[in-house]
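Undergrad: The structure's right below; bear with me while I get my questions together.
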Amino acid sequence: MPQVVSIGPLHKGTKRDLLYMEETKWRCMTYLLLRTKKDEAGMFFLMTMCIEALSRADDMVRACYNTYEIKFDRHELAKIMVLDGCFLLELLICGSPELDERLRWTLDEPSPGAEVIKREKVLSDLTMMENQIPLIVLKRISGILFPEIFTDGGTDKLIQNLALSILGYNAPDSDFKASHLLEFVHQDLKSSISSGEVPNTRHGKQNLQRCATRLEAAGVTIGPPQAQSENANMEAGVTAEPAEAQSEVTTQPSEALSEAANMEDGVTDKPPKAQSEVTTQSPEALSKAANMEVVVNVRPRVAAETRFDLKVTFSDGKLEIPQLHITETTEAKWRNFIAWELKRTTLEKQRGVRNEDRISCQFISYALFFQSLTCSVHDVKLLRDRNVIVVHKLMSDEDLLNLFHNIIEGVPDAEIEMDSWFAQVIENLNSHPTTVDRVTTTSKIMWHIFICFLTWSWYQCRGTYRGLRRVYFPSGWKLIALLAAALGLGLTIAQTVFSALGQ
């Protein structure tokens with residue numbers, strides 16, 4: 001369930017909290033129309049064209065949803081798609097300083113979308129499974145409003161890179177066959193993990209045989225990749241060397257975008273803005289030279305704190321786990337990806353899709369990996385000390401342990417298909433021999449077992465106490481009555497004892 005903004009017809013008007021963003025949607029759509037530099041009649045004509053185009057695509061749009069969940073007629077559904085599509089398109093344009101500058105209608109009034117894409121909860125809602133609109137909506141609207149930029153040949157790639165950029169992910173080298181923003185992110189993570197190094201085979205549920213503490217006792221070094229470790233040290237003040245402001249990914253401009261750049265004289269590349277601003281440069285930073293590359297930058301704060309990096313590696317006794325940043329939206333996004341993977345794999349099985357062609361369950365595998373890596377709060381503390389887990393909200397080690405152990409609660413083991421990359425990492429860790437002396441290993445393991453026993457005892461006692469309090473002492477008066485009865489029983493026993501001794 002989205003928390004701030006609803007996209008598409010499923011949650012339209014169902015929750016009062018979602019209605020507050022409707023005004024912002026209209027403002028973003030108005031600003032988008034003003035970018036076309038048309039008069040009032042021209043903007044009205046463009047809106048009419050968008051509604052008619054999506055009305056003709058009604059069957060394609062409805063096919064992307066469960067039809068019984070859509071209670072709008074053809075015209076109403078088209079208007080919803082136009083509003084939400086214009087809102088998303090304005091956010092994508094605001095994520096590109098060059099495209100935003102090129103399509104700006106006035107230099108005095110910034111777009112409301114520039115503030116919207118800075119809100120983490122909004123970006124989280126944009127990737128909710130039930131909060132998606134088909135990519136065809138963005139393609140039709142962008143092609144009608146800005147035909148000189150969003151052409152048939154390069155629209156998919158352009159929208160893909162812009163969407164991934166505002167969500168904090170790198171622009172990939174290849175095109176993805178995706179239907180919505182959620183699938184864009186999943187495909188991008190898949191390409192960054194495997195890259196064809198491991199065949200996409202099906203694996204059942206696999207768990208680590210040793211938790212984080214026992215792995216370290218066996219000689220395995222646990223930590224984030226070196227680059228993330230250095231960044232963590234810089235933030236902690238350990239090193240004084242400046243960090244790079246941005247990480248750059250380059251893509252080649254399409255021919256259509258190059259032609260559009262030549263149509264406008266005086267368009268020059270501008271230096272990147274400060275980190276505090278939206279610094280996602282899109283392929284619209286067009287150069288006049290045909291062989292010059294276009295730079296796409298990812299905002300460092302967004303990329304570090306709100307994105308998932310699932311490429312866990314193990315080699316030469318070193319287990320490198322990219323930092324997992326825990327924010328207000330981490331659990332919701334994680335559960336959302338797990339739910340989408342389960343639904344997608346179920347549909348693919350029903351359709352008879354071959355094993356090697358089905359999606360990889362990366363987030364399910366990631367959840368199982370952390371679940372088996374943390375068997376107690378002792379393991380969670382170890383991972384936090386190693387900068388593997390970075391918490392940006394008020395959460396105790398116990399809360400984190402509950403998160404890891406409950407994140408895939410309710411998922412049947414028979415439905416779990418491990419990603420081939422994680423399956424190989426787990427297999428290598430389970431077969432890794434102990435490389436330190438037995439005395440040290442045994443002492444660490446015994447201490448860990450003792451801590452686990454204390455943790456288990458504490459949970460059991462606290463659970464029993466809560467159960468008794470919930471069943472027998474739901475109110476304070478019952479507790480007072482019990483204490484009074486216990487006191488009376490004690491006094492009666494004492495009186496009986498003293499009477500017997502007096503005789």
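Undergrad: Run the quick spin-label model on T48 and S191: label points 7 Å from Cα toward the beta carbon, then report their separation in nm to one decimal.
TA: The answer from the label model is 4.0 nm.
Undergrad: Let me ask something additional. List the GluC sites (Glu not before Pro) within the stretch 364-456 that DSSP assigns to loop and that have no more than 14 neighbouring Cβ atoms inside 10 Å.
TA: Numbers: sites: E398, E409, E415, E417, E427; in loops: E409, E417.
Of the GluC sites (Glu not before Pro), the ones in loops of the stretch 364-456 whose Cβ has at most 14 other Cβ atoms within 10 Å are E409.
Undergrad: Taking amide H positions as placed 1.01 Å from N in the peptide plane, with prolines and chain starts having none, which residues 5 or more places from H203, or on another chain, fall under 5 Å of its amide H?
TA: It is M418, by chain and number.
Undergrad: While we're here: For the pair R469 and K71, what calculated FRET efficiency results from E = 1/(1 + (r/R0)^6), where r is the Cβ-Cβ distance and R0 = 56 Å, to the nearest 0.05?
TA: Details: r = 45 Å, r/R0 = 0.81.
In this case the efficiency is close to 0.80.
Undergrad: By a straight-distance test (C-alpha under 16 Å), which lysines pair with K118 as possible cross-link partners, with residues fewer than eight away in the same chain excluded?
TA: Qualifying lysines at Cα under 16 Å: K25, K273.
Undergrad: Provide the FRET efficiency to the nearest 0.05 for the K318-W456 pair, computing r from the beta carbons and using R0 = 30 Å. Kindly include the intermediate steps, with their values, before the conclusion.
TA: On the way: r = 31 Å, r/R0 = 1.02.
E(calc), rounded to 0.05, equals 0.45.
Undergrad: Still on this structure: Specify the inter-centroid distance of the stretch 41-56 and the stretch 449-499, based on alpha-carbon positions, in whole Å.
TA: 71 Å
Undergrad: For a quick check: sort M395, M418, M29, M81 by the number of other beta carbons within 10 angstrom, fewest at the front. Don't skip to the answer; put the middle values down first.
TA: Details: M395 16, M418 23, M29 20, M81 29.
Lowest count first: M395, M29, M418, M81.
Undergrad: Using a cut-off of 30 Å between alpha-carbon atoms, which lysines can reach K205, once sequence neighbours fewer than 8 places away in the same chain are excluded?
TA: The qualifying lysines are K177, K190, K311, K318, K333, K343, K349, K381, K444.
The numbers here are math on the coordinates, done by the rules we state, and not lab data. In this text the structure is predicted, and so the values were computed from the model without any measurement. Cβ sites come from the backbone with ideal geometry, for glycine too, and all protein chains shown count toward neighbours.
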